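Asks: Just dropping this structure here.
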Amino acid sequence: MKIALFSAKSYDKEYFDRINKHHHYSITYFEAGLNKNTANLTQGFDAVCIFVNDNLDKETIEKIAANGIKIIALRCAGFNNVDIPAAYANNIKVVRVPAYSPEAVAEHAVALILTLNRKTHKAYNRVRESNFSLERLTGFNLHNKTVGVIGTGIIGRAFSTIMLGFGCHVIAYDVYETDELKEKGVKYVSLDELLEQADIISLHCPLTPETKHIINKSAFNKMKNGAMLINTGRGALINTKDAIKALKDGKLGYLGIDVYEQETNIFFRDLSEEIMQDEVFASLMTFPNVLVTAHQAFFTSEALEQIATITLNNLADFVNGKALVNEVKA
């Protein structure tokens, strides 16, 4: 099998080459993302391996199908960047990595909470400049705070468990309730109740038509004044313009995000010598109570190894005619 791996970084090559020693596939790494303008690069390949910011719309899929691509392997959990019906209309299978170390993402969400709360990023910069003042570095105890978890899949469950360990009261909202969490003391409530009661809200639900902008003007109005909002899920779960308004009004006390609604042209690139063209993102970065990381919640050695392993196993199952356990159905 000949695999074209797009949006490739040095760490992708490191881990895929390591795991590929067990498969012996031919992998060609492209730094470019896969979209309608780069689809010609797929000529001569059997499979494409893509990441979150590759754009496989109907036009792109038709082009790669014409080039002989038989399977799309996502090296991530989300698949909202792939036109699934178009893929299957063109006889292309789609597989993904549904879980690859939920603890990695859950722990990063906690890191955002602790950094925003205790202002360790600001303290670090102060001390580097021999400024040892504690002014304006006041935080709050996590113990006894109410944490609202929206989405209790494997990542949401891992996050809930961690927050219980801090001595927090954890409430959750999900269409499907989990007995495992109930037994640990997590209380399921309605979305409105969660928004009204939580001191900290963390988003761990998938991006669907129903969850797009689940946090919007209406949701912000229901939140406690000064609440903290954390998003390590998908950028479009939050209406960013509404978040900016809530920050300006003082309604939202803290915002920590690892994902951004329009991140495609920003994240995973070095733009330090360029002018930020995204005015909404530029506005977001002006707030002292906003913390942004560039989609790195997944970024641990354990997760990278699992991503490479599961992705190549998915392709191996396809080659060997086995059932595709991680297939995305049309």
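The values are calculated or read from the model by the stated rules, or taken from the named source; none is laboratory data. Quick caveat, the model's predicted, so the values are computed rather than measured. Backbone-built Cβ (ideal geometry, glycine too); neighbour counts: all protein chains shown. The accessibility values were calculated without ligands, DNA or RNA, using every heavy atom of the protein model including side chains. Shrake-Rupley method; radii C 1.70, N 1.55, O 1.52, S 1.80 Å.
Asks: Starting from the Cα gyration tensor of the range 59-108, multiply each eigenvalue by 5, take the square root, and state the resulting semi-axes largest first in whole Å.
Replies: One finds semi-axes of 27, 9, 8 Å for the range 59-108.
Asks: Considering every pair of different Cα atoms, what Kirkwood radius, in Å, is found for the range 231-330?
Replies: Result for the range 231-330 stands at 16.3 Å.
Asks: Something else about it: Please list, in chain and number order, the residues 5+ apart from L252 or on another chain whose amide H is under 5 Å from its amide H, with Hs placed from the backbone.
Replies: G226, L247
Asks: Mean 1/r over all different Cα pairs, inverted: what Kirkwood radius does the chain give, in Å?
Replies: Hydrodynamic radius (Kirkwood, Cα only) of the chain equals 21.2 Å.
Asks: Quick one: order F159, F299 from most to least accessible surface, probe 1.4 Å.
Replies: F299, F159
Asks: How large is the dipole of the chain about the Cα centre if only Lys and Arg carry +1 and Asp and Glu carry -1, each at its Cβ, rounded to the nearest 20 debye?
Replies: 280
Asks: Going toward the positive end of the dipole of the range 12-115, with +1 on Lys and Arg Cβ and -1 on Asp and Glu Cβ, which of L74, I92, L34 do you reach last?
Replies: The residue sitting most towards the positive pole is I92.
Asks: Further question: Calculate how steeply helix 10-20 sits against the longest principal axis of the alpha-carbon atoms of the chain, using the helix alpha-carbon long axis, and give the answer as 0 to 90 degrees to the nearest 10.
Replies: For 10-20 against the chain, the angle is about 50 degrees.
Asks: Considering amide H positions built from the backbone, and no H for Pro or chain starts, which residues 5 or more places from A172, or on another chain, come under 5 Å of its amide H?
Replies: V149, K187, Y188, V189
Asks: Just order 125-137, 16-28, 91-103 by mean Cβ neighbour count inside 10 Å, highest at the front, would you?
Replies: 91-103, 16-28, 125-137
Asks: Could you sort T286, T293 by accessible area so the largest value comes first, with the probe set to 1.4 Å?
Replies: Ranking T286, T293 by accessible area, largest first, yields T286, T293.
Asks: Quick one: helix 154-165 against the long Cα principal axis of the chain, what's the angle to the nearest 10°, folded into 0 to 90?
Replies: 30
Asks: Please name which of A109, H121, N141 has its Cα lying farthest along the dipole of the chain towards the positive end, using unit charges on Cβ (Lys, Arg +1; Asp, Glu -1) and the Cα centre as origin.
Replies: So the residue we want is N141.
Asks: What number, in nm² with one decimal, is the all-direction average of the projected area of the convex hull of the alpha-carbon atoms of the range 85-212?
Replies: 11.3
Asks: I would also like to ask the following. If contacts are Cα pairs under 8 angstrom and at least 6 residues apart, what is the relative contact order of the range 223-277 in percent?
Replies: 44
Asks: Along its three principal axes, how long is the range 1-90 when you only count alpha carbons? Whole Å, largest extent first please.
Replies: Over the range 1-90, Cα extents along the principal axes are 33, 24, 21 Å.
Asks: When Rg is the radius of gyration of the Cα atoms in the range 230-270 and Rh is its Kirkwood radius, what does Rg/Rh come to?
Replies: 1.01
Asks: Count the net charge of all other residues whose Cβ sits under 13 Å from the Cβ of T138, scoring Lys and Arg as +1 and Asp and Glu as -1.
Replies: Counting the neighbours of T138, the net charge comes to +3.
Asks: Can I ask one more? Measure up K2/K93; K21/K70; K119/K187; K9/K329; K184/K212; K36/K58 against 18 Å on the Cα-Cα distance and list the ones that go over.
Replies: From the list (K2/K93; K21/K70; K119/K187; K9/K329; K184/K212; K36/K58), the Cα-Cα distance tops 18 Å for K21/K70; K119/K187; K9/K329; K184/K212.
Asks: Something else now. For the range 1-98, state which GluC sites (Glu not before Pro) are in a DSSP loop and have at most 15 other beta carbons lying within 10 Å of their beta carbon.
Replies: Loop-located and lightly packed - E31.
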